């Protein structure tokens, strides 16, 4: 991911959702192919200048989050079922609403010339 694009998206998400709802995400294999969609994949798609920012979207509601084991975000993330688990149960409405808002907010942050 592009550090400038990532910082702009993070700032936009913090402004939209509040800093408490935006947290870091440790490196993981969930993102192994993402660079191919950006400038790093220029040899595949012919667009070496594409900037990218990657974020993860939480999909649990406040009740599930409060019940998750651990005290900090990293511990709670580890205690929640992931999207390939048979126990995965997203909060559908909250996830769709928040995900749509996150996508629009990120796009606007990249399209706003002031954010550059």
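The values are calculated or read from the model by the stated rules, or taken from the named source; none is laboratory data. As the structure is a computational prediction, the values presented were derived from the model and not from experiment. When we count neighbours, we look across all protein chains shown, and the Cβ atoms used for this are built from the backbone with ideal geometry, even at glycine.
Tally the residues that are part of a helix (DSSP H, G or I) and under 17 Å from residue 20 (Cα atoms), restricting the search to region 66-85.
Qualifying residue count, region 66-85: 6.
Based on this model, can you work out whether residue 58 counts as at pLDDT 90 or above and out of contact with any helix residue (DSSP H, G or I) (no Cβ under 7 Å at 6 or more places or on another chain)?
Here the answer is no, as residue 58 does not meet what is asked.
This table checks each residue for (1) without any contact (Cβ under 8 Å) to a residue 40 or more places away in the chain; (2) over 17 Å from residue 99 (Cα atoms); (3) loosely packed, with under 12 Cβ neighbours inside 10 Å.
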| residue | (1), (2), (3) |
| --- | --- |
| 2 | no, yes, no |
| 20 | yes, no, yes |
| 23 | no, no, no |
| 32 | yes, yes, yes |
| 60 | yes, no, no |
| 70 | yes, yes, no |
| 78 | yes, yes, no |
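Looking at residue 38, is it out of contact with any strand residue (DSSP E or B) (no Cβ under 8 Å at 6 or more places or on another chain) and more than 15 Å from residue 106 (Cα to Cα)?
yes
Taking region 3-32 as the search range and keeping residues that are at pLDDT below 85 and not in a helix (DSSP H, G or I), which one is farthest from the chain's Cα centre (by Cα)?
Ranking the candidates gives 32 first.
Based on what the data block shows, is residue 54 under 13 Å from the mean Cα position of the chain (by Cα) and surrounded by 11 or more Cβ atoms within 10 Å (Cβ to Cβ)?
yes
Restricting the search to region 36-45, which residues are within 21 Å of the chain's Cα centre (by Cα), within 19 Å of residue 4 (Cβ to Cβ) and either in a helix (DSSP H, G or I) or at pLDDT 90 or above (or both)? Working first, answer last.
Filtering region 36-45 down to residues within 21 Å of the chain's Cα centre (by Cα) leaves 36-41.
So of that shortlist, the ones also within 19 Å of residue 4 (Cβ to Cβ) come out as 37-41.
Across region 36-45, the qualifying residues are 37, 39, 40, 41.
Exactly one condition in (1) exposed (fewer than 15 other Cβ atoms within 10 Å of the Cβ); (2) within 25 Å of residue 111 (Cα to Cα); (3) in contact with a helix residue (DSSP H, G or I) (Cβ under 6 Å, 6 or more places away or on another chain); (4) modelled with pLDDT of 90 or more is false for residue 48; which is it?
Exception for residue 48: condition (4).
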